[in-house]
Amino acid sequence: MRGDAAEHLGRVLRAEPGQLYELSDGQRVWLGRVESVGLLKRGENRIEFSLVEAVAVRESALQVDLLIALVKFDRFEWCLEKATELGVRNIVPIVAARSDKALVGAAEKRHARWEKILLESAQQSRRVRPPKLETALKADAAFAGERADLKILLSENADAPSIRNVLGGKSSNFVALAIGPEGGWTDAELDAARVAGFSEASLGQLILRTETAVLSALAIVNFALGE
């Protein structure tokens with residue numbers, strides 16, 4: 001183990017020879033024993049392990065793509081963290097018509113930071129690998145490019161059916177969930193979603209912040225379709 005990971009494990013967690021850790025290369029998980037810890041003032045930190053045995057990891061068959069509009073970065077990053085903990089496989093940041101233009105302009109510079117948040121959240125929740133983070137897309141392009149079997153768009157429309165009814169009787173293992181910005185989707189975005197096969201769904205009469213909607217909707221989808 002090298003770089004920042006070795007720095008964190010060696011200096012913050014104070015790893016010592018003989019200690020056991022679970023290690024993942026993004027494909028498999030192994031139980032590893034620390035053999036040596038090399039922390040340097042200059043040069044590359046390095047921790048060496050011996051692999052003791054493979055660790056069986058069972059991943060859910062449910063795949064969820066989260067299409068989430070850009071919102072204030074502290075809230076957006078909270079959404080990334082919780083979505084990872086709740087098992088989302090792919091995340092697509094959406095440049096919605098009502099997304100703040102300053103946030104849109106700064107999103108590209110945040111991509112590396114967001115990937116780090118996903119990695120740390122995946123490690124915390126003991127996932128084999130973090131979700132894939134796509135580059136930000138305009139809403140119509142994101143909707144058109146989605147290939148999930150079941151596509152759900154959260155809507156504030158008064159006549160939108162409840163998400164419970166939309167999920168009722170469904171058994172899909174591949175779901176796309178689209179969650180809009182503060183101020184909601186525009187009529188044009190709703191039309192583009194319908195053309196792409198998305199079904200509108202409501203989380204109830206109360207208006208929720210984006211991060212609350214993310215947490216609620218993912219928990220509901222996991223309960224209805226997960227294991």
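May I ask you to derive the relative contact order of the range 63-225, considering only C-alpha pairs under 8 Å and at least 6 residues apart, and to give it as an integer percent? List each step's numbers first, then the result.
Details: 269 pairs, mean separation 50.8, N = 163.
With pairs under 8 Å counted, the relative contact order is 31 percent.
Tell me, in nm to one decimal, what length is gained between Arg98 and Val195 on full extension, where the rule is 0.36 nm per residue of separation less the Cα-Cα distance?
Working: separation 97, 0.36 × 97 = 34.92 nm, distance 2.01 nm.
Length gained between Arg98 and Val195: 32.9 nm.
Please give the calculated 222 nm ellipticity per residue for the chain, where each DSSP H segment of at least 4 residues contributes -39500 (n - 2.57) and the sum is spread over every residue; nearest 500 deg cm²/dmol?
Details: 7 runs with 79 residues, N = 227.
When only DSSP H runs of four or more count, the value is -10500 deg cm²/dmol.
For a 29 Å ceiling on Cα separation, which of these pairs sit above it: Lys101/Lys132; Lys72/Lys170; Lys82/Lys138; Lys41/Lys132; Lys41/Lys82?
As for pairs spanning more than 29 Å Cα to Cα, those are Lys72/Lys170; Lys41/Lys132; Lys41/Lys82.
Most exposed first by the Cβ proxy, i.e. fewest other Cβ within 10 Å, how do Thr212, Thr84 rank? Mind showing how you got there, number by number?
On the way: Thr212 14, Thr84 24.
Going from least to most buried by this count: Thr212, Thr84.
How would you classify the range 73-166 from its alpha-carbon gyration tensor, with a ≥ b ≥ c the square roots of the eigenvalues: rounded for a/c under 1.5, else prolate if a/b is greater than b/c, otherwise oblate?
Numbers: a/c = 1.83, a/b = 1.22, b/c = 1.50.
The shape class here is oblate.
Expected output is a single nm value to one decimal: the length gained when fully extending between Ala54 and Ser171, i.e. 0.36 nm times separation in residues minus the C-alpha distance. What is it? If you can, show how the numbers build up before the last one.
Details: separation 117, 0.36 × 117 = 42.12 nm, distance 3.20 nm.
Here the answer is 38.9 nm.
How do Lys132, Lys41, Lys151 line up, fewest other C-beta atoms within 10 Å first? Intermediate results must be reported in sequence, preceding the final value.
On the way: Lys132 13, Lys41 4, Lys151 22.
Sorted ascending by nearby Cβ count, the order is Lys41, Lys132, Lys151.
Taken together, the values in this text are just the output of simple stated rules run on the coordinates, not laboratory data. A quick note: this is a predicted structure, and the numbers were derived from the prediction, not measured. When we count neighbours, we look across all protein chains shown, and the Cβ atoms used for this are built from the backbone with ideal geometry, even at glycine.
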